[in-house]
């Protein structure tokens, strides 16, 4: 089954972005960085999400991100699904940190349970078919709203969300133009999906 080995963010200043991601989330393997000045405005059509074990850990990661220069899009709060918040990194990437737990069971940690790449797509059903044809297996599917693919041993899980719904979930307007500023590195081959998200061989992705 195809897997995602890394996510490459195209940023104006890779050195500054590297300092941010190390300080904020401790990510230095799954997140890679590539210099780019490609024009981009508004919502880039994707969100990266960290799933953690409890609210205290959510607060710890969001606090570290804000201290490192992120801005708040949605303050951490309880919801129907658990507890979480959304920040935007200095390079423009949107990050959600969340847990399904509503109460702490111990001290905060820096443990990340899952790293999820959420792609905002125009037609969830069409994009789902596209990825199934490339060998991905569906783990969860909620009609034309949301699809989550099985990750197997992959360090990054892929999910599809309607673009407008994803933008609303993270607290931004859905409009955006230009580059996604994102490249997905895996073993599914090199291609571009129906919404313009590009894939490349993981071996071609730059090291941190």
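Are any residues in the range 124-163 farther than 19 Å from residue 2 by Cα, in contact with a strand residue (DSSP E or B) (Cβ under 8 Å, 6 or more places away or on another chain) and modelled with pLDDT of 95 or more, and if so, which ones? If the condition is that a residue be farther than 19 Å from residue 2 by Cα, in contact with a strand residue (DSSP E or B) (Cβ under 8 Å, 6 or more places away or on another chain) and modelled with pLDDT of 95 or more, then 124, 146, 161, 162, 163 are the ones that fit.
Counted as qualifying within the range 55-146 are the strands (runs of 3 or more DSSP E) with 1 or more residues that are without any contact (Cβ under 8 Å) to a residue 12 or more places away in the chain and more than 16 Å from the chain's Cα centre (by Cα), namely 71-79, 138-142. Evaluate the following for residue 2: is it modelled with pLDDT under 95, surrounded by 16 or more Cβ atoms within 10 Å (Cβ to Cβ), more than 13 Å from the chain's Cα centre (by Cα) and not in a strand (DSSP E or B)? Spelling it out, residue 2 is indeed modelled with pLDDT under 95, surrounded by 16 or more Cβ atoms within 10 Å (Cβ to Cβ), more than 13 Å from the chain's Cα centre (by Cα) and not in a strand (DSSP E or B).
Number of residues in the range 35-54 that are within 12 Å of residue 91 (Cα to Cα) and either crowded, with 20+ Cβ neighbours inside 10 Å or within 13 Å of the chain's Cα centre (by Cα) (or both) equals 1.
Taking the residues in the range 22-50 that are assigned to a helix (DSSP H, G or I) and touching a helix residue (DSSP H, G or I) at 6+ places or on another chain (Cβ under 9 Å) as candidates, determine which candidate is nearest to residue 97 (Cα to Cα). Step by step, filter the range 22-50, then rank; the result is 24.
Put simply, of 72, 109 the only residue that is farther than 22 Å from residue 158 by Cβ and out of contact with any strand residue (DSSP E or B) (no Cβ under 7 Å at 6 or more places or on another chain) is 109.
The values are calculated or read from the model by the stated rules, or taken from the named source; none is laboratory data. Remember, predicted model here, so these are calculated numbers, not experimental data. Neighbour counts run over all protein chains shown; Cβ positions are idealised from the backbone, glycine included.
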